[in-house]
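Remarks on the structure that follows.
The values are calculated or read from the model by the stated rules, or taken from the named source; none is laboratory data. Being a predicted model, the structure only gives us computed values, none of them experimental. Note: ideal-geometry Cβ built from the backbone for every residue, glycine included; neighbour counts use all protein chains shown. Just so you know, the surface numbers come from the protein's heavy atoms only, side chains and all, with ligands and any DNA or RNA stripped out. Shrake-Rupley method; radii C 1.70, N 1.55, O 1.52, S 1.80 Å.
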Amino acid sequence: MTISVTITVNGQPETRDVEPRTLLVQFLREHLQLTGTHVGCDTSQCGACVVHVDGKSVKACTILAAQAQGAKVTTIEGLAQDGKLHPMQEAFREHHALQCGFCTPGMIMSAVDLAQRNPNPNEETVRHELEGNLCRCTGYHNIVKAVMAGAQAMRG
Ligand code: FES
Ligand code: FES
(Lines give C-alpha, C1' and ligand atoms only; values in the text may rest on other atoms or scores of the structure.)
(Ligands and ions follow the chains in the order given, each with its own letter.)
Protein backbone atom coordinates (compact mmCIF):
# COMPACT_ATOMS: atom_id res chain seq x y z
CA MET A 1 0.00 0.00 0.00
CA THR A 2 1.20 3.51 -0.75
CA ILE A 3 -0.10 6.91 0.21
CA SER A 4 0.26 10.21 -1.57
CA VAL A 5 2.23 12.84 0.33
CA THR A 6 2.71 16.46 -0.71
CA ILE A 7 5.37 18.54 1.01
CA THR A 8 6.74 21.90 -0.09
CA VAL A 9 10.48 21.36 -0.09
CA ASN A 10 12.77 24.35 -0.55
CA GLY A 11 9.84 26.29 -1.97
CA GLN A 12 8.78 23.59 -4.44
CA PRO A 13 5.64 21.47 -3.86
CA GLU A 14 6.59 17.80 -4.19
CA THR A 15 4.06 14.97 -4.36
CA ARG A 16 5.13 11.33 -4.14
CA ASP A 17 3.45 7.99 -3.53
CA VAL A 18 5.24 6.45 -0.59
CA GLU A 19 4.83 3.64 1.88
CA PRO A 20 3.10 4.90 5.03
CA ARG A 21 6.20 4.02 7.11
CA THR A 22 8.48 6.28 5.01
CA LEU A 23 10.42 8.65 7.23
CA LEU A 24 10.80 12.29 6.26
CA VAL A 25 14.55 11.75 5.84
CA GLN A 26 13.88 8.90 3.39
CA PHE A 27 11.39 11.04 1.49
CA LEU A 28 14.04 13.73 1.08
CA ARG A 29 16.98 11.48 0.27
CA GLU A 30 15.43 8.61 -1.63
CA HIS A 31 12.41 10.17 -3.29
CA LEU A 32 13.73 13.68 -3.95
CA GLN A 33 17.47 12.86 -4.14
CA LEU A 34 18.23 15.64 -1.66
CA THR A 35 21.17 13.82 -0.15
CA GLY A 36 22.58 16.76 1.81
CA THR A 37 20.40 15.62 4.71
CA HIS A 38 22.42 12.78 6.23
CA VAL A 39 21.61 9.72 8.29
CA GLY A 40 24.26 9.22 10.94
CA CYS A 41 22.55 6.92 13.44
CA ASP A 42 19.46 4.86 13.95
CA THR A 43 18.75 6.12 17.41
CA SER A 44 17.63 9.75 16.81
CA GLN A 45 20.76 11.01 18.54
CA CYS A 46 23.21 12.39 16.01
CA GLY A 47 21.33 15.28 14.41
CA ALA A 48 22.86 14.72 10.95
CA CYS A 49 19.30 14.66 9.58
CA VAL A 50 18.08 18.01 10.93
CA VAL A 51 15.87 20.03 8.55
CA HIS A 52 13.38 22.81 9.16
CA VAL A 53 9.69 21.92 9.20
CA ASP A 54 7.56 25.06 9.10
CA GLY A 55 10.61 27.02 10.24
CA LYS A 56 11.61 24.84 13.19
CA SER A 57 14.48 22.39 13.34
CA VAL A 58 13.37 18.77 13.39
CA LYS A 59 15.30 15.50 13.20
CA ALA A 60 13.98 14.17 9.91
CA CYS A 61 14.55 10.58 11.04
CA THR A 62 12.07 10.99 13.85
CA ILE A 63 8.96 11.87 11.85
CA LEU A 64 7.09 10.20 9.05
CA ALA A 65 6.83 11.90 5.68
CA ALA A 66 3.05 11.65 6.14
CA GLN A 67 3.32 13.76 9.30
CA ALA A 68 4.87 16.53 7.20
CA GLN A 69 1.95 16.45 4.76
CA GLY A 70 1.25 20.06 3.72
CA ALA A 71 4.26 21.43 5.61
CA LYS A 72 7.07 23.62 4.34
CA VAL A 73 10.41 21.88 4.67
CA THR A 74 13.81 23.50 4.17
CA THR A 75 16.89 21.35 3.71
CA ILE A 76 20.54 22.34 3.51
CA GLU A 77 20.12 22.55 -0.28
CA GLY A 78 17.55 25.31 0.22
CA LEU A 79 19.66 27.63 2.38
CA ALA A 80 21.84 29.29 -0.25
CA GLN A 81 19.98 31.97 -2.19
CA ASP A 82 20.81 33.25 -5.67
CA GLY A 83 24.09 31.36 -5.69
CA LYS A 84 25.16 32.95 -2.39
CA LEU A 85 25.84 30.86 0.68
CA HIS A 86 23.66 31.51 3.72
CA PRO A 87 25.56 33.57 6.36
CA MET A 88 25.69 30.49 8.62
CA GLN A 89 27.23 28.40 5.81
CA GLU A 90 29.71 31.18 5.16
CA ALA A 91 30.61 31.31 8.86
CA PHE A 92 31.27 27.53 8.94
CA ARG A 93 33.57 27.93 5.94
CA GLU A 94 35.40 30.92 7.40
CA HIS A 95 35.93 29.41 10.84
CA HIS A 96 37.07 25.99 9.62
CA ALA A 97 34.09 24.32 11.25
CA LEU A 98 34.02 21.59 8.58
CA GLN A 99 36.05 18.51 9.28
CA CYS A 100 34.76 15.43 7.51
CA GLY A 101 31.58 17.41 6.91
CA PHE A 102 29.16 14.59 7.58
CA CYS A 103 27.45 16.31 10.51
CA THR A 104 27.68 19.78 8.96
CA PRO A 105 24.29 20.04 7.23
CA GLY A 106 22.41 19.10 10.40
CA MET A 107 24.66 21.32 12.49
CA ILE A 108 23.98 24.29 10.20
CA MET A 109 20.22 23.72 10.14
CA SER A 110 20.16 23.56 13.95
CA ALA A 111 22.38 26.65 14.15
CA VAL A 112 20.12 28.68 11.85
CA ASP A 113 17.09 27.78 13.96
CA LEU A 114 18.99 28.69 17.13
CA ALA A 115 20.08 32.06 15.69
CA GLN A 116 16.52 32.83 14.60
CA ARG A 117 15.28 32.30 18.15
CA ASN A 118 18.31 33.81 19.88
CA PRO A 119 20.16 36.31 17.67
CA ASN A 120 23.00 36.77 20.17
CA PRO A 121 23.83 33.38 21.68
CA ASN A 122 26.83 33.03 23.98
CA GLU A 123 29.16 30.05 23.93
CA GLU A 124 27.31 28.25 26.69
CA THR A 125 23.98 28.61 24.88
CA VAL A 126 25.45 27.35 21.61
CA ARG A 127 26.98 24.30 23.31
CA HIS A 128 23.74 23.58 25.14
CA GLU A 129 21.54 24.01 22.05
CA LEU A 130 23.75 21.87 19.84
CA GLU A 131 23.77 18.97 22.28
CA GLY A 132 21.53 17.04 19.89
CA ASN A 133 24.09 17.31 17.08
CA LEU A 134 27.06 14.99 17.32
CA CYS A 135 30.30 15.53 15.42
CA ARG A 136 32.30 12.32 15.28
CA CYS A 137 35.43 14.33 14.55
CA THR A 138 34.78 15.92 17.98
CA GLY A 139 36.30 19.26 17.00
CA TYR A 140 33.53 21.34 18.49
CA HIS A 141 35.63 24.41 19.18
CA ASN A 142 35.48 25.84 15.67
CA ILE A 143 31.86 24.80 15.23
CA VAL A 144 30.87 26.84 18.29
CA LYS A 145 32.89 29.82 17.03
CA ALA A 146 31.22 29.50 13.62
CA VAL A 147 27.72 29.38 15.07
CA MET A 148 28.32 32.55 17.09
CA ALA A 149 29.78 34.30 14.03
CA GLY A 150 26.94 33.04 11.83
CA ALA A 151 24.34 34.32 14.29
CA GLN A 152 26.06 37.69 14.28
CA ALA A 153 26.12 37.77 10.47
CA MET A 154 22.41 36.89 10.39
CA ARG A 155 21.73 39.92 12.62
CA GLY A 156 23.42 41.97 9.88
S1 FES B 1 20.00 10.25 11.62
FE2 FES B 1 18.52 11.45 12.64
S3 FES B 1 19.35 11.82 14.58
FE4 FES B 1 20.81 10.54 13.61
S1 FES C 1 32.73 17.22 10.71
FE2 FES C 1 32.91 15.08 10.82
S3 FES C 1 31.26 14.38 11.95
FE4 FES C 1 31.32 16.50 12.18
Of (1) within 19 Å of Lys56 (Cβ to Cβ); (2) surrounded by 24 or more Cβ atoms within 10 Å (Cβ to Cβ), Ala146 fails just (1)
Which fully enclosed strands (runs of 3 or more DSSP E) of the range 38-116 have 3 or more residues being closer than 25 Å to His141 by Cα and open to solvent by less than 20 Å² (accessible area, probe 1.4 Å)? 50-53
Against the conditions (1) without any contact (Cβ under 8 Å) to a residue 40 or more places away in the chain; (2) farther than 23 Å from Thr35 by Cα, where does Thr104 fall short? Just the number, please. (2)
Filtered residues of the range 75-99 (kept if touching a residue at least 12 places away in the same chain (Cβ under 8 Å) and either farther than 24 Å from Lys145 by Cβ or within 16 Å of ligand 1 (Cβ to nearest atom) (or both)): Thr75, Ile76, Glu77, Gly78
Of the numbered conditions (1) more than 16 Å from ligand 2 (Cβ to nearest atom); (2) surrounded by fewer than 18 Cβ atoms within 10 Å (Cβ to Cβ); (3) not basic (Lys, Arg), Leu23 satisfies every one except a single condition; which is it? (2)
Give the residues of the range 117-143 that are in a helix (DSSP H, G or I), open to solvent by 90 Å² or more (accessible area, probe 1.4 Å) and within 16 Å of ligand 1 (Cβ to nearest atom), sorted by residue number. Glu131
Pair list, Cβ under 7 Å, 6 or more apart: the range 20-32 residue over 18 Å from Val50 (Cβ atoms), other residue assigned to a loop (DSSP other than H, G, I, E, B) and open to solvent by 10 Å² or more (accessible area, probe 1.4 Å): Pro20/Met1
